[in-house]
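First comes the structure, then the notes that go with it.
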Amino acid sequence: MPETLRDLIDRYGRRRSAIIAAIGVLTLLAIIGLSRWATAPAWVPLMPDMTVDEVAAVAAVLDENGVRYTLRAGGSRLEVADADLARARVLLAQNGGLPQRGAPGFELFDRPSWGMTDFTQRINYRRALEGELERTIGRMNGVEAAQVHLAMNETSSFRARGQDAAASVVLTLRSNTRPTADFVEGIASLVSSSVGNLAPDRVAVLDHQGRLLSGAVDAAGVSGAASRRQLALRREVESYLEQKAEDLVARVMGPGNVRVSVAAEINFDRVDRTVQKVNPDDQTPTRQERTDIIPAEGQVAASSSAISSEFETSRTIETFSGAVGGVSRLTVAVLLNETPDSTGVPIAPGVVQQVEALVANAVGLDTQRGDAISVIAVPFGSNDVPVVVAPPVTIIERVQEIQRPLVGLIAILIAAFIGWQALRAVRGERPTEQEPV
């Protein structure tokens with residue numbers, strides 16, 4: 001073997017032999033790297049949203065059973081090979097699953113309660129309920145952790161009604177997460193439904209920075225949730241009246257030739273009134289007393305009598321509760337297309353007045369309460385819908401789509417080029433033999 005290697009070096013020269021060896025090594029390394037890259041497993045997250053302590057517990061189970069895994073995102077995310085995902089989850093289930101995070105739940109009552117006082121039982125029940133609520137809220141989308149504090153109502157035989165229950169929820173939100181009003185209101189409803197005698201407006205929801213998300217009260221004494229409901233009711237009334245008037249006028253003007261806008265003022269004041277009416281002509285005797293006075297024996301005075309009567313007059317008590325959400329004022333604006341036909345002929349002069357009367361009756365306009373309507377006819381703009389052109393796909397996006405096949409193709413071309421260069425070096429011009437002197 002050494003003789004053969006020496007013969008090859010003498011035959012092609014040291015410089016050319018070194019080039020051939022280097023090309024062969026690079027080709028081998030490129031093939032090995034390509035094969036390892038092609039056969040590398042696809043890593044997938046084992047469990048979403050795990051804490052560092054949970055990652056450590058899961059990693060211990062996987063190490064014990066020889067399952068490959070990798071840590072990403074600073075050790076807060078554990079990923080396993082796609083082929084080992086099902087096996088890893090079964091192993092976690094066999095070992096009791098993930099450790100429970102946060103406060104304990106109703107498993108507090110799994111232990112014997114001998115010797116516990118009634119006060120201790122109540123405290124444990126409150127702790128368990130807080131823990132269960134924290135787990136439920138912590139599983140919601142966008143919430144990393146939650147902490148719940150309950151002030152529950154306690155009643156006894158000596159106290160008919162205690163203090164109203166209250167609760168507070170502190171949310172630790174994930175980055176770039178902004179809770180919506182419906183989300184916060186849903187958490188308040190969840191907590192209030194889980195605790196007896198707890199109204200949703202008695203639940204305060206805060207984020208981890210101390211900002212109040214619910215329960216805020218404005219200057220008029222209306223909470224944020226109530227304001228949102230009032231605004232939603234107002235928009236619903238306006239949308240209903242707009243659609244009703246627009247559908248009616250469109251039958252005359254044609255579709256697309258009318259626009260209606262309604263601004264409604266809704267009265268949310270609740271008024272309770274009690275009226276008491278007394279009828280003096282309708283009297284009913286309720287009590288009558290007769291007293292007879294008889295003179296004593298030997299006296300000349302005559303006997304007398306006195307009658308005392310009491311009458312109750314008829315009275316009527318009426319209690320009225322004003323409806324909440326009544327319309328106090330309407331303002332309607334109607335825009336008509338002056339040239340509804342393709343011929344460009346304007347509408348008749350009396351159409352505007354007719355449409356005004358029609359819309360006023362359709363929405364229930366009342367001039368006594370200050371309602372107003374305005375109808376204007378102007379030419380509408382073009383109804384041509386612009387063609388939306390999809391943005392062109394950039395080169396980077398195309399490369400990302402074919403990244404894996406492209407890398408493989410480049411590696412194959414490099415290997416082919418290196419082999420071709422090696423083949424040229426082998427078939428190249430051989431050194432001429434020196435003639436003996």
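Yes/no matrix, rows are residues, columns are (1) assigned to a strand (DSSP E or B); (2) in contact with an Asp or Glu (Cβ under 8 Å, 6 or more places away or on another chain); (3) of a type in the set (Phe, Trp, Tyr):
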residue: GLU310; (1), (2), (3): yes, no, no
residue: THR313; (1), (2), (3): yes, yes, no
residue: GLU318; (1), (2), (3): yes, no, no
residue: ARG329; (1), (2), (3): yes, yes, no
residue: ALA333; (1), (2), (3): yes, no, no
residue: THR339; (1), (2), (3): no, no, no
residue: SER342; (1), (2), (3): no, no, no
residue: VAL345; (1), (2), (3): no, no, no
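Using the structure shown, decide if GLY256 is modelled with pLDDT of 80 or more, assigned to a loop (DSSP other than H, G, I, E, B) and farther than 30 Å from ARG178 by Cβ. Write out each step before concluding.
Working: modelled with pLDDT of 80 or more: yes; assigned to a loop (DSSP other than H, G, I, E, B): yes; farther than 30 Å from ARG178 by Cβ: yes.
Answer is yes for this residue.
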ARG270 assigned to a strand (DSSP E or B) and either of a type in the set (Lys, Arg) or within 30 Å of ARG251 (Cβ to Cβ) (or both) = no
request  = Please verify whether segment 123-143 includes one or more residues that are at pLDDT 85 or above, part of a strand (DSSP E or B) and closer than 24 Å to VAL203 by Cα.
outcome  = yes
request  = State which residue pairs qualify: first residue touching a residue at least 12 places away in the same chain (Cβ under 8 Å) and closer than 14 Å to VAL327 by Cα and inside segment 228-247, second residue among the aliphatic types (A, V, I, L, M) and part of a helix (DSSP H, G or I) in any location, beta carbons under 6 Å apart, and separation of 6 or more residues or different chains.
outcome  = LEU241/VAL363
request  = Kindly establish whether GLY186 is in the same structural domain as MET140 (by the TED database), modelled with pLDDT of 85 or more and not aliphatic (A, V, I, L, M).
outcome  = yes
task = Among the residues of segment 147-183, write down those that are at pLDDT 80 or above and in contact with a helix residue (DSSP H, G or I) (Cβ under 8 Å, 6 or more places away or on another chain).
result = GLN147, VAL148, HIS149, LEU150, MET152, ALA165, ALA166, ALA167, VAL169, LEU171, ALA181
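The values are calculated or read from the model by the stated rules, or taken from the named source; none is laboratory data. Because the structure is a prediction, the values reported are computed rather than measured. Note that each Cβ is placed from the backbone with ideal geometry, even for glycine, and that neighbours are counted across all protein chains shown.
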